[in-house]
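One structure below.
What follows is calculated from the coordinates using simple rules that are stated; it is not laboratory data. All values derive from a computational prediction rather than experimental measurement. With ideal geometry, Cβ positions are generated from the backbone for all residues, glycine too; neighbour counts draw on all protein chains shown.
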Amino acid sequence: MLTYRFANEDDCTLILELIKALAAYEKMSDEVVATESLLREWIFDKQKAEVIFACEDGKEVGFALFFHNFSTFLGRAGIYLEDLFVLPEYRGRGYGKGLLKKLAQIAEERGCGRLEWWCLDWNQPSIDLYKSLGAEPMDEWTTYRLTGDKLKEMAK
């Protein structure tokens with residue numbers, strides 16, 4: 001039976017393990033610099049993100065990490081899904097869809113105006129799932145990012 005639970009501070013090891021598993025799936029393992037300490041600080045101490053787990057018979061089999069953003073056009077907050085991941089051996093059972101449904105319920109309960117996320121262009125199984133749920137790609141938008149030294153230089 002599938003259930004959900006919010007992560008607590010004792011889950012930092014598990015959260016990091018799932019982040020690393022997601023990074024391996026996305027062929028981006030070398031980009032993971034997160035630590036349990038950083039996750040504890042930013043998710044639980046500073047409360048800048050939240051994590052929910054999908055659990056099968058009490059075992060965590062997937063997770064979603066999300067936070068609130070804001071839409072000036074809607075005049076209210078939304079939920080931005082940073083990561084959604086289901087362990088490979090548990091895929092195909094509707095758990096990814098279940099996590100998205102749970103996030104949609106949270107968004108509705110909190111009065112949010114939208115739920116949004118990014119997806120890698122090559123991840124066709126996820127794209128197919130998202131489209132089957134009625135999600136629409138934002139084809140006219142390009143994501144920009146400043147990190148590392150470029151971010152520091154811009155901040156001067």
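If we keep just the residues of segment 13-39 that are part of a loop (DSSP other than H, G, I, E, B) and among the hydrophobic types (A, V, I, L, M, F, W, C), which is surrounded by the most Cβ atoms within 10 Å (Cβ to Cβ)?
Just the residues of segment 13-39 that are part of a loop (DSSP other than H, G, I, E, B), to begin with: 26-28, 32-35.
Among the residues that remain, those that are also among the hydrophobic types (A, V, I, L, M, F, W, C) are: 28, 32-34.
Values: Met28: 11, Val32: 13, Val33: 6, Ala34: 15.
Only one residue fits best here, namely Ala34.
Just for helices (runs of 4 or more DSSP H) wholly inside segment 92-156: which have at least 1 residues that are aromatic (Phe, Trp, Tyr)? Give the derivation first.
On the way: elements: 95-109, 124-132, 148-155.
Result: 95-109, 124-132.
Return the pairs, sorted by first residue and then second, in which the second residue is surrounded by 10 or more Cβ atoms within 10 Å (Cβ to Cβ) and part of a loop (DSSP other than H, G, I, E, B), the first residue lies in segment 127-156 and is of a type outside the set (Val, Ile, Thr), the beta carbons are less than 7 Å apart, and the residues are 6+ apart or on different chains.
Tyr130/Cys119; Met154/Leu146
Provide a single number: the residues in segment 28-48 that are closer than 17 Å to Glu82 by Cα and of a type in the set (Gly, Ala, Ser).
2
Exactly one condition in (1) of a type outside the set (S, T, N, Q); (2) assigned to a helix (DSSP H, G or I); (3) in contact (Cβ under 8 Å) with a residue 12 or more places away in the chain is not met by Asp10; state its number.
The failed condition is (3).
Could you please find all residues in segment 41-83 being over 24 Å from Thr3 (Cβ atoms) and part of a helix (DSSP H, G or I)?
Within segment 41-83, Glu41, Trp42, Asp45 meet the criteria.
Is there any pair with a first residue in segment 41-67 that is basic (Lys, Arg) and a second that is part of a helix (DSSP H, G or I) and surrounded by fewer than 18 Cβ atoms within 10 Å (Cβ to Cβ) whose Cβ atoms are under 8 Å apart and which are 6 or more apart or on different chains, and what are they?
Listed pairs, sorted by first residue: Lys48/Trp42.
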